[in-house]
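The structure appears right after this line, and notes come after that.
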Amino acid sequence: MKAKPFTITDVGALLGVSRLPGGDENSYNVVCPFCGDERGKCNFIVIKNGELVNVYHCFHCGAGGNMLTLYAELQGIYGANRYQRAYWKIQEELPMGMQECKMRQKRVMLREKQCKEQLAEPADYRQRDTV
């Protein structure tokens, strides 16, 4: 079985985590799946500083981790190889064919590239002085 690319957004959708208004595709607030806080204290971060990170953190209850931790905790997967089992369960549940898989991977790579381009080198001193 070939692995399908996925992000914390996909994992949240599989788990039924509700997204709150605002944010963008790289970082946004959700209803905390652990404490139920609806004030925007829990956020999902897909890309940070041009890097793919796929993490979550709730500033109300302190829950946090990566997308595999999120899935394992909410699905009750425990044990020594819980992250490996969580990864393959996500792979089984993702509803994608090969075409969708390639498109999703291109979108993620494009967003990551755009974030890196936004973090381009700073302007030279002459240009900064004119501003």
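No value in this document is a laboratory result; all are computed from the given coordinates. Computed from a predicted model, the values in this text were never measured in an experiment. Quick reminder, even Gly has a Cβ in these numbers, built from the backbone with ideal geometry, and neighbours come from all protein chains shown.
The table below lists the values:
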quantity	calculated
Where labels lie 7 Å past Cα in the beta-carbon direction, separation of VAL53 and ILE77 in nm	2.3 nm
Alpha carbon Rg of the stretch 50-90, scaled by the compact-globule rule 2.2 N^0.38 Å	1.24
Packing-based exposure ordering (other Cβ within 10 Å, fewest first) of GLU51, GLU73	GLU51, GLU73
For CYS58, CYS32, order by how many other beta-carbon atoms lie within 10 Å, fewest first	CYS58, CYS32
Karplus-derived 3J(HN,Hα), 6.51/-1.76/1.60, for each residue of the stretch 60-76, Hz, glycine and proline x	8, 9, x, 5, x, x, 9, 5, 6, 4, 4, 5, 4, 5, 6, 9, x
